[in-house]
1. Quick one: which residue in Ala233, Ala238, Ala194, Ala178 is of a type in the set (A, V, I, L, M, F, W, C) and closer than 22 Å to Val363 by Cβ?
2. Say we look at the stretch 15-69 and pick out the residues that are polar (S, T, N, Q) and farther than 30 Å from Val471 by Cβ; which of these is farthest from ligand 1 (Cβ to nearest atom)?
3. Quick one: is Ala129 of a type outside the set (S, T, N, Q) and either free of Cβ contacts under 8 Å to residues at least 12 places away in the same chain or under 22 Å from Arg251 (Cα atoms) (or both)?
4. Go through the stretch 15-74 and give me each residue that's under 16 Å from Gly486 (Cβ atoms), touching a strand residue (DSSP E or B) at 6+ places or on another chain (Cβ under 9 Å) and of a type in the set (Ser, Thr, Tyr).
5. For the stretch 466-487, which residues satisfy the criterion of being charged (D, E, K, R) and touching a Gly at 6+ places or on another chain (Cβ under 7 Å)?
6. Out of the residues in the stretch 165-197 that are small (Gly, Ala, Ser) and under 23 Å from the mean Cα position of the chain (by Cα), which is modelled with the lowest pLDDT?
7. Suppose we filter Ala49, Ala103 for residues that are farther than 30 Å from Tyr339 by Cβ and modelled with pLDDT of 90 or more; which single one remains?
8. Quick one: would you say Thr112 is in contact (Cβ under 8 Å) with a residue 24 or more places away in the chain, in contact with a strand residue (DSSP E or B) (Cβ under 7 Å, 6 or more places away or on another chain) and surrounded by fewer than 22 Cβ atoms within 10 Å (Cβ to Cβ)?
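The values are calculated or read from the model by the stated rules, or taken from the named source; none is laboratory data. Computed from a predicted structure; not experimentally measured. Methodologically, a virtual Cβ is constructed for each residue, glycine included, from the backbone with ideal geometry; neighbour enumeration extends over all protein chains shown.
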Amino acid sequence: MNAATATTEGFWGHSPEVPLDLADLTDAQAAGIVARLHDRTTGAFADAAARTGYCSHPIRLQGTSTTIDAATGEVLSQFSSTDAPLGTLYRACGNRRESVCPACSRVYARDTFEMIRAGLLGGKTVPDAVADNPLVFATLTAPSFGHVHGTGGKHGGGRCRPHRTGVCPHGRPRSCTAQHSDADPLVGGPLCEACYDWHSAVVWQWHAPELWRRFTIGLRRQVADRLGVPEPALRDVASVQFAKVAEYQLRGLVHFHALIRLDGPDGPGSSAPLDGEVLAQVAKDAARSVVVTAPPVDGGDVPRVLRFGKQLDVRCVRSGVPDNDDGTDDLRPEQVAGYLAKYSTKSTGTDAGDSRPHHQRLVRTCRWLAERARTACRGLAGPDPEDDDGCLCGQCADSPYRLLTKWAHMLGFRGHFSSKSRRYSIPLGRLRRARARFQKLKADADRDGTPMDTADLENRLLADDEDTTLVIGHWAYAGTGWTNPGDKALADAAAARAREYAQWRAARR
Ligand SMILES: [Zn+2]
Ligand SMILES: [Zn+2]
Ligand SMILES: [Zn+2]
C-alpha cells in the first residue's frame, strides 16, 4: 500500500521517515484507504483520528454545543459536529482493555501508572513526603478449585505436573508431563473437568469484591489493634491507604494486587507509627482471617465459606524507617507501579482471539447458576405474571445469583478492575480533566501560532477549581467505530507506531 503510506507520512507525528506498518491490509481496508485518497478526505481523517488518540472504535456523535460564561451568560463559543473534520464528532471509546482498543487502553494504563506512582513517590498534588511512608505490596489470590494445567514450576523442569501418580475417580491421570506455553489453551484448565469445582469457583468469583472489601475493613481493624487504639480512634494516629488492581489469571479467576501505604494522622506524607515489616505482617494476618459465607444458590445447594487462597504474597516494599533502606530489595516502587498499570488493561481471556475452553465452561456455569437461582423454589409459587423471569415466591426474586447472567462474560466477576482509597493518590478523573485541559491549551497555541505558556503548567492543569464556563450540548449517538474499513486499519497502525516510538524513547532514557 505505497500510496497510502506515502500520503499519511507526516500526519502521524514523531518520525515522518518511518511508514506505518500496513502489511496485512484486507482488500476492503485497502479500498477504503484508496477511497479517502480519491475524495481527498485523508487529511480530515488524519485530523479526526489524531483527536481520538487513534482509538480503534470511536463513538460518533452528531449535534452542537455552546460554551457560556457562567457568570454573565455570554456565549463564548459554539461548536457543531458539522464543523468537525469528517462532519461527525468522533470521541475516543475510552475502553480499558488492550484487546478492545490498544490506544485507549494505553491512555488508561498511563493514567493508572501516574496515579499509582504519585501515591508511591509523591507529585501530582500528592506530597513528596509519601516517599518515606511504609509501603507493602500484596497479592491476594483465589483458592484452588481443582488441579489445573500449568507451565511447570521449578521442580517439574518446565513440565506441567510430572510427579503425580494414579488416576482420578473419573479414570483420568492426575499427572501431565507436557511442556505447555502460556499460549496453550489448556493452561489454567483442569486436568479433569468432572473433578473441577466449577460451581464453587463461580460463587467465589461472585463474592470476590466482598472479600476484598472485608479485607480492607479487617486491615484497618488490625492496624488499630496493633497500635492499641479502638478502631474509631485510628484516624487520630494513622491512616491506611491503598491502590488495588484486579487481574484475571489463566484459570479465569481474579487476583487482587494491592499497594498498601501507612500514613500518619496528618494525612499522606505524615510520619507513620508502624514500619513496613510490621505492616506486611498485619496485612498477611488480615488476608488470612477474612471470610465471606456465601448463601446457597437454591434448596439443593449448601452455604460456602469463602477465603483467599493460601498462596498469599505480601512483601514490604519500603520499611519507612530512615537509614533502614528498603524492605524487599528486588521490588522497586516504580516497578510495582508499572506492574499494576499493565495488569489494569488485561482482559478476561474471553475476548475473541484468546478464548480458552475452561473460560467458556465458567461462562456456562454462571448462566446455569443464575437459572437455578431464578427457579430456586422449584416453581412451587408459580411464575410472576408481571415479570417474565420472576417468581412469586420472593426467595427466587431476591437471590443475588440471578444477576450472574449479566456478568457471565466476566466469568462472574462484577468488581472494579482498579480502585483506590480516597487519600492514596490523585483521582483518575482529575488526571483525565488535566489531559483535556492540556489538549485544549495546545490546540489554542497551535491555532494562534503562539508558544504555550509552560509556567506553573502542571498546577494549572491539575487545579480542581470550579469551572467558570458552562457547556450546553445537544448530542445524539450516531454509532460506534470508523465508518470506512481503511480508517480502523490506519488508526490501529498509527497507535501501534506511537506505542513503538514511546517504547523506543523509554529504552533510550
Ligand atoms: Zn478507544
Ligand atoms: Zn498439563
Ligand atoms: Zn475426575
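1. Residue meeting the stated conditions: Ala194.
2. Selected residue: Ser15.
3. Details: of a type outside the set (S, T, N, Q): yes; either free of Cβ contacts under 8 Å to residues at least 12 places away in the same chain or under 22 Å from Arg251 (Cα atoms) (or both): no.
Here the answer is no, as Ala129 does not meet what is asked.
4. Thr52
5. Asp487
6. So in the stretch 165-197, the residues small (Gly, Ala, Ser) come out as 166, 171, 175, 178, 181, 183, 188-189, 194.
Remaining after also requiring under 23 Å from the mean Cα position of the chain (by Cα): 183, 188.
On the way: Ala183: 85, Gly188: 93.
Here the answer is Ala183.
7. Values: Ala103 fails: farther than 30 Å from Tyr339 by Cβ.
None of the other options fit; the residue is Ala49.
8. Working: in contact (Cβ under 8 Å) with a residue 24 or more places away in the chain: yes; in contact with a strand residue (DSSP E or B) (Cβ under 7 Å, 6 or more places away or on another chain): yes; surrounded by fewer than 22 Cβ atoms within 10 Å (Cβ to Cβ): no.
So Thr112 fails the test.
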